[in-house]
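Worksheet: one structure, shown below.
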Amino acid sequence: MKRTALPSALKPLLVALLACSSLAAHADIALLPSVNLYGLVDTGYASTNNTGKNANANTSGAVDSILGVSSVGLRGEKDWGNGLTGFYNLQVGFLPSSGKLSNTDVLFSRNAYVGVRNELGSLSVGRQWVFADDWLVGSVFKGGYNAGAVFKFSEFDAVSDLYRNTLKYVSPVFGGGAQVGAMYAKKIGESVSAGNTDNSSLSNIGARYSQGPWMVAATYLQEKGISGGSYKLVTAGGAYDFAPFKLRLGYTHNDIEAGSYQSIGTMLVDNKAYAVNTGVDYAITGKLNLALDYLIRRNTTFDEHSTVNRLLLTYAWRPDLTLVGNLASIRNSGTATQTLVGDTPLSGGHSQTSMAAGVRFSF
């Protein structure tokens, strides 16, 4: 079998990364003495109608993660000289209302990686986010898993997802604002029973360009299922900032084969779908911001679609404390059963409205 040689420019990065991983595994504290504690608490109150299997119930009460999962983490870096820097990030997700972990199977459920960087870019290994989340969520697609985000649609969870066992390369910024990246992983399934074969893998590439008021990015992801099948996802978008307004446009399209996937669960049949997100942000004052979003999701295989209207209001009361208000509604046509909150309905065509108010405290 013909072997492809590693580009000579990447060899110093790879050698340093392997050394970093080996030493970190043996708890050499002197390797990365910089330790920074950081975190986010996102919690509040929400009321939603048409929840439950028959879409005939109303729910209200404390909610977590209106715009993002609450977390606490440790991160740091070490300057090794000659332009080489080591870094790490370990992040635990939790639910403030109950004190439970957001993922009871994984301690560092948000980030868990170690890496190195120099003038050639960065190389890291561990549990990491895909490029669509790095470059498009927040800047183009608004976040909030139960607040009307595009990745809540059943076919599009991988727009914002993490994968374990990843090797990730991100280039430095070049050409006045361009950046590219690639990520690969094997055996990414997290719920595979002991003794069962896990043939899953992830391939992810991306590129973005940011210059002045413009930002554009595009990514391609292919996930191989645990026991076969392929999930392909293309995501692209851009934003134009002309204060006090910012225009956003995002698009994502997938091609799914029947199979079981880490990101979207089990799909019983092949299907294809796409989603479009249009949005505008308005900085009312230096602290008060309004965002309006309209999302269209269309499954072309089953000829069904869903739409989401969303209004997000944030007020930066203090540098580390933001008040949040979110109003979102979803409408399903035909057999579509997408939801913002609650169980998947037994029948399609239901609508749902959710109102949430909360706080985000960062440290």
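A few points about this structure:
- Filtering Ala112, Ala132 for residues that are open to solvent by less than 30 Å² (accessible area, probe 1.4 Å) and either assigned to a strand (DSSP E or B) or over 30 Å from Ala273 (Cβ atoms) (or both) leaves a single hit, Ala112.
- Ala207 passes every criterion in (1) closer than 24 Å to Arg298 by Cα; (2) aliphatic (A, V, I, L, M); (3) open to solvent by 20 Å² or more (accessible area, probe 1.4 Å) apart from (1).
- Tyr274 vs. criteria in a strand (DSSP E or B), farther than 30 Å from Leu202 by Cβ and open to solvent by 60 Å² or more (accessible area, probe 1.4 Å): no
- If the condition is being in contact with a Phe, Trp or Tyr (Cβ under 9 Å, 6 or more places away or on another chain) and either under 13 Å from Thr339 (Cβ atoms) or among the hydroxyl-bearing types (Ser, Thr, Tyr) (or both), then the range 44-61 contributes only Ser60.
- Positions within the range 161-185 being aliphatic (A, V, I, L, M) and closer than 29 Å to Ser109 by Cβ, in sequence order: Leu162, Leu167, Val170, Val180, Ala182, Met183, Ala185
- Members of the range 154-170 that are surrounded by fewer than 24 Cβ atoms within 10 Å (Cβ to Cβ) and part of a loop (DSSP other than H, G, I, E, B): Ser154, Asp161
- In the range 211-251, the residue that is nearest to Thr266 (Cα to Cα) out of those that are aliphatic (A, V, I, L, M), open to solvent by 20 Å² or more (accessible area, probe 1.4 Å) and part of a strand (DSSP E or B) is Ile226.
- When Gly334, Gly325, Gly358 are checked against the criterion of being among the small types (Gly, Ala, Ser) and open to solvent by 30 Å² or more (accessible area, probe 1.4 Å), Gly334 stands alone in meeting it.
- Close contacts from the range 276-296, counting a first residue that is over 13 Å from Phe141 (Cβ atoms) and a second that is acidic (Asp, Glu) and in a strand (DSSP E or B), with Cβ to Cβ under 9 Å and a gap of 6+ residues or different chains, come to Val280/Asp293; Asn289/Asp281; Leu290/Asp281; Leu292/Asp281.
The values are calculated or read from the model by the stated rules, or taken from the named source; none is laboratory data. Only a predicted model underlies this, so the values are computations on that prediction, with no experimental measurement involved. Because the Cβ atoms are built from the backbone with ideal geometry, glycine has one as well, and the counts that use them run over all protein chains shown. When the accessible area is computed, the model is the full protein with side chains, heavy atoms only, and any ligands, DNA or RNA have been set aside. Shrake-Rupley method; radii C 1.70, N 1.55, O 1.52, S 1.80 Å.
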